[in-house]
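Accompanying notes for the structure given below.
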Amino acid sequence: MRPPTQPPSGYIHNLTSDESTKLRQTWSIILYLINNHDDTTAESTTTPTAAGLTSALAAHHLPPLKTVQPILETLLDHPLPSLCAGLLSLAGHDSPDTLLLRFLRARKWSVPAATAMLISSIHFRHTQGIDARVLAATELDAVYEATTQPPQTPSIPGAIGATTVKTTATDSQAYLAQLRMGKGFVHGTDRQGRPVLLVRARLHQPGQQSEEVMTKFILHLIEALRLTFVDPVETATVLIDLTGFSLSNMEYAPVRFVIDCFQENYPEHLGAMLFHNAPWIFSGIWKLIKSWMDPIIVSKVHFTRSVADLEQFLVPDMIPKELGGPEAWEYEFVEPVAGENERMTETATRDRLLAEREELASKLLELTEEWLGAAEPESVAVQRTEAISAWRKQYWTLDPFVRGRTCLDRTGVIQEGGKIDFYPGEDQLQQ
């Protein structure tokens, strides 16, 4: 079933006048911070003020906010080396407008709360080292590290959260074990065209992997999931299969981390969460988990038991056999092969593309400034839309030079140029 052609109110192509104003207010504040206080670390010599934020809105003929204190407090608690770099890293292949709207919807259109949440999420991305430790750290390097061989992939200049922390062979072995067993993987779409993340809870054995490994694995899954979003789809379905689950499989820390990710750092990425075939012992666990969830997240949770229940959310023919459906597809981790990340070693091309991306980003922000200040924003809107499109398209040109290939790439699900196909032909599989 294809997603609806007309998105609900609050999405990029269907904004009310008030929602458009709030998007513009958010951009106004962000641009002011980028232009005047991009370095908000402890070494920064200037500090954003309420007067400065208010003046930025006035300069763009936008109404003032009742308070900007949440923004100032978050900047104080979550300093950033570069708000601009963090914003563009978080957007990835997405439209920056779509990104900002996610945070606005998550905070019920409160511009101060949404902006504070955005800053906090960028800080999370930096401290977790997602660009360097999750995306650029290849599965092939994990294979090398698991046998104490040095990794082959050079570091990415300017990668958010770049770190010198070395991964141990034990952690690399445990990380690969999560991938090989298929504890969680992205496969197919639901009735609304949303990609599906299937989690097999019975495969989790507490204590067999460190918290560090589980954190990296969870972030790897979420980032892989985000890569499979295809316009106009903006959310995913997470299906947690509890078949064969027992108390010996339960570990609260990673569950809490997943919930916090979707609530605080990847807002409006979750479309539905399905708990399938839950045993009776899960009822007590659910009461605790539910207490950690925002009511909005709780409203997206559904319990299913039969194939008929799953068919309310999934296309019947695409329900895997392991869930009782007819689809013969089975998860298989295709091992990394030497040379699959060769383009990541082409540093001259990589650096040229990174510089090109910075230029496209600068042009996009410049046009956004014009768009905010124009008496008739529509006069700049077309150019700005073209700039966003060029910036998004260029992401996929850069992608092979800064992101390690994953099983989704090797099986042809993620293809050159960002095409997503969960059922690729044999000629599309990586050789």
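Cα convex hull of the chain: mean projected area in nm², to one decimal?
Projected area, direction-averaged: 21.0 nm².
On the accessible surface of region 291-361, probed at 1.4 Å, how many percent belong to carbon and sulfur atoms? Intermediate results must be reported in sequence, preceding the final value.
Values: 2130 of 4080 Å².
Solvent-exposed carbon and sulfur of region 291-361 make up 52 percent of the total.
Show me 59-68, 397-406 ranked by packing, highest mean number of other Cβ atoms within 10 Å first.
Highest-to-lowest ranking by the protection proxy: 397-406, 59-68.
Show me 369-376, 283-290, 78-85 ranked by packing, highest mean number of other Cβ atoms within 10 Å first.
So the order, starting with the most tightly packed, is 78-85, 369-376, 283-290.
To the nearest 500 deg cm²/dmol, what mean residue ellipticity at 222 nm is calculated for the chain from DSSP H runs of n ≥ 4 alone, each contributing -39,500 (n - 2.57), summed and divided by the residues?
Value at 222 nm, helices only, nearest 500: -14500 deg cm²/dmol.
How many lysine pairs in the chain, separated by 8 or more positions in sequence or lying on different chains, have Cα atoms less than 26 Å apart?
Lysine pairs, 8 or more places apart or on different chains, close enough: 25.
Can you tell me the 0 to 90 degree angle between the C-alpha axis of helix 17-37 and the longest principal axis of the chain, rounded to 10?
Approximately 80 degrees, to the nearest 10.
In region 1-80, if every C-alpha pair distance is counted and binned at 10 Å from zero, what percent goes to each bin?
The calculated distribution, bin by bin, is 16, 40, 25, 13, 5, 0.
In µm²/s, what is D for region 193-313 at 4 °C and 1.567 mPa s, where D = kT/(6 pi eta Rh) by Stokes-Einstein and Rh is the Kirkwood radius from Cα pairs?
86 µm²/s
As an exercise, take the mean of 1/r over every pair of distinct alpha carbons in region 17-128, invert it, and state the Kirkwood radius in angstroms.
13.9 Å
What translational D, rounded to a whole number of µm²/s, comes out for region 342-403 from Stokes-Einstein when the hydrodynamic radius is the Kirkwood one over Cα pairs, at 4 °C and 1.567 mPa s?
My calculation gives 103 µm²/s for D.
In a GNM of the chain with a 10 Å cut-off on Cα contacts, which of A136, A387, A355 has the highest mean-square fluctuation?
The residue with the greatest mean-square fluctuation here is A355.
Using a 1.4 Å probe, what is the accessible area per residue for region 342-403, in Å²?
On a per-residue basis, 52 Å².
Determine, for each peptide in 38-47, 191-200, the mean count of other beta carbons within 10 angstrom over its residues, then list the peptides with the highest first. Numbers along the way, then the final one.
Values: 38-47: 11.6, 191-200: 21.0.
Ranked by mean Cβ neighbours within 10 Å, highest first: 191-200, 38-47.
The values are calculated or read from the model by the stated rules, or taken from the named source; none is laboratory data. Keep in mind that what you see is a predicted model, and the values were worked out from it rather than measured. Cβ: placed from backbone, ideal geometry, glycine included. Neighbour counts: every protein chain shown. Each accessible area value is taken on the protein alone, full model and side chains, heavy atoms only, with ligands, DNA and RNA left out. Shrake-Rupley method; radii C 1.70, N 1.55, O 1.52, S 1.80 Å.
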